[in-house]
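The values are calculated or read from the model by the stated rules, or taken from the named source; none is laboratory data. On a predicted model such as this, the values are computed, not experimentally measured, just so you know. All Cβ positions, glycine included, derive from the backbone under ideal geometry; neighbour counts span all protein chains shown. These area figures cover heavy atoms from the full protein model, side chains too; ligands, DNA and RNA do not enter into them. Shrake-Rupley method; radii C 1.70, N 1.55, O 1.52, S 1.80 Å.
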Amino acid sequence: MRKNGALMPSKKISRQQFIAGGAALAAGVLIGGKLIQVALHKGIKAPVPGSIVGANSKAGHLLRGGFNFAEPGETSTIPVAIIGGGISGLSAARRLQQKGLSNFLLLELGNDTGGNSASGKNEVTEYPWGAHYLPVPDVRMKDMLQFLEECGSITGYNSEGLPEYNEFHLCAMPEERLFIHGTWQEGLLPNLGLSNEDHAQVKRFMALTDTYRNAVGPDGKDLFAIPIDDSSKGKEWAELDGISFADFLKQNKFTSPYLLWYLNYCCRDDYGSTLQTTSAWAGLHYFAGRKGNGANAKHQDVLTWPEGNKFLVNKLSNSFTPGNVKTGNVVYRVADTTDNKVEICYYNTATEKTHRLIADKVILATPQYVNKKILQVKRAIDYDKFSYTPWVVANITLNKTPASRGHSLCWDNVFYNSNSLGYVNACHQHLNAFDKRRVFTYYLPLTETEPRAERMKAYSRTHADWANLIVTDMKNAHVNFEQCLQHIDIWLWGHAMARPLPGFISGKERAAANQEIDNRLFFAHSDLSGISIFEEAFYSGIRAADKLLQGL
């Protein structure tokens, strides 16, 4: 949901250096001496303006709560229906349109499309409410490269065939910093206070992942690839997926607390899981699966925008007409008909009326916990094997940039040993970097206990509870944070992302969930990969659309 935490060397690009200089000046006066650590129970000085906003959970919970939907009052027909307007559904719609099939309808629960790539806007900037970056893709990912050309993120290719990336879309310098031992250091991998043995283990782990990045299986495929179903399916794949990342690290004598913290951060960052609840294959994939390259970019580099991945959502949506999409509709039944078609019943939250749609073919671009509720076709799948982490995202509006000690404000700003993942500076890509007003997007995956308990706890908390937690966390690194604070809005994602639990990626449940039914029902979603990243959702939509088109 957030960003790749791999090491990112500095780029020497003039525009990025310009922005970096502005950001450094805008960071304010450094605080000398030891930063004060504020205990959680001390709270904040005054109530913080803001509210809990977010996805249309009330509409979604109509399914969970057993709402008694009335019999549909009208019936219409369509050749193809897509259920779900997240990245996979939008990607499928784009593919159908590309291939000449424009007579389709996409039904989306929320009032807008994009799933967890939502965004917001205030007088300072646009900002993300979830996913907010895209790593530079492997040059073999031709469909992704074509899409990025459409987005204007790729402006051309050099004589070697490597893509030239738009400098306004590449993350500008300075990119990352970590608050550790009372100061900010450059980069997210801990460097301050490490022993010689700690440094040696870090170096050994990075060398290992470099080896895995180039590893090829007996079938000639990369051992770690994106999308993951392009990876080699040999013995090593299943063995690595069958154990936890924690066990793998223990077996290979990686014991440095600094390295283990960093790797746990990476798992929580990309997967919403911990070292203990992430398969070793997925943990290594975080580092070894990224193989992007460009004329002006390397595999560590990312593309980002103030609104986050909503930028990509808008570009996907421009591939077809607005008439192809109906938002605010709760699909509550998907079933066979007697004449081998598919019946879709849905409830419009604005009109409070139910409708029936008869389609020849359907793509369910919905997560499996939704399919469990709406799909009336029997499948040999244990849906409970799919596990989803809840997240909290906050957008914090500041009237000035809070003071820091050490490295200057970056795009990504992380706290060592915090439950949070820190914050992203939503203004980082702005050209007016001298404006001291900021919006910080704060990320907190709820991974302390099992997901259902964390969901229930999250929904019981008030805005004041969340504000107290967030401000306390921020004050550890910014002693004058409250003096800069104007507003905090909170977004709760109950099922933000699927977790790649040990054994899941190579397991039978994931394989079965990817199988179409009777050449009429096709499935697309990032959770079908076990890794909730943009690329997996994008390619899942393409695969489902291609399967559908083959059967026409």
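Structure values in brief
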{"read-out": "The chain - share of DSSP beta bridges that are antiparallel (%, nearest 5)", "value": "70"}
{"read-out": "Rounded to whole Hz, the Karplus (6.51, -1.76, 1.60) HN-Hα couplings of region 488-494, x for glycine and proline", "value": "9, 10, 10, 10, 9, 9, x"}
{"read-out": "Members of LYS142/LYS310; LYS291/LYS508; LYS341/LYS373; LYS315/LYS385; LYS203/LYS250; LYS221/LYS508 lying beyond 25 Å, as alpha-carbon distances in this model show", "value": "LYS291/LYS508; LYS315/LYS385"}
{"read-out": "Whole-angstrom Cα spans of region 367-420 along principal axes, big to small", "value": "58, 25, 16"}
{"read-out": "Charge tally in the Cβ shell below 15 Å around ASP198, where Lys, Arg are +1 and Asp, Glu are -1, ASP198 excluded", "value": "+2"}
{"read-out": "Packing-based ranking, highest mean first, of 203-212, 535-544 given that Cβ atoms within 10 Å are counted", "value": "535-544, 203-212"}
{"read-out": "GluC sites (Glu not before Pro) within region 58-136: DSSP coil, no more than 12 neighbouring Cβ in 10 Å", "value": "GLU74, GLU123"}
{"read-out": "Accessible area of HIS407 in the full protein assembly, 1.4 Å probe (Å², nearest 10)", "value": "50"}
{"read-out": "For semi-axes √(5λ) of the Cα gyration tensor in Å, calculated from these coordinates, the label among (1) 56, 33, 26; (2) 37, 27, 23; (3) 45, 33, 20", "value": "(2)"}
{"read-out": "LYS436 accessible area, 1.4 Å probe, all protein chains in place, Å² to nearest 10", "value": "100"}
{"read-out": "Computed [θ] at 222 nm, helices only, for the chain once each DSSP H run of length n ≥ 4 contributes -39500 (n - 2.57)", "value": "-9000 deg cm²/dmol"}
{"read-out": "The chain - percent relative contact order, Cα under 8 Å, separation 6 or more", "value": "27"}
{"read-out": "Protection-proxy order for peptides 109-115, 358-364, each taking the mean of Cβ atoms within 10 Å per residue, highest first", "value": "358-364, 109-115"}
{"read-out": "Sequence of PHE104, PHE69 when ordered by accessible area, the most exposed leading, probe 1.4 angstrom", "value": "PHE69, PHE104"}
{"read-out": "Gain in span if fully extended, LYS378 to ALA350, counting 0.36 nm per residue against the direct Cα distance", "value": "6.9 nm"}
{"read-out": "Within-13-Å neighbourhood charge of GLN146 [Cβ basis; K, R +1; D, E -1]", "value": "+2"}
{"read-out": "Gyration tensor (alpha-carbon) shape descriptor, region 158-235, a/c threshold 1.5", "value": "oblate"}
{"read-out": "³J(HN,Hα) computed for each position of region 323-337 - Karplus, 6.51 cos²θ - 1.76 cosθ + 1.60, integer Hz, glycine/proline x", "value": "x, 7, 10, 10, 9, x, 10, 8, 6, 10, 8, 10, 8, 5, 10"}
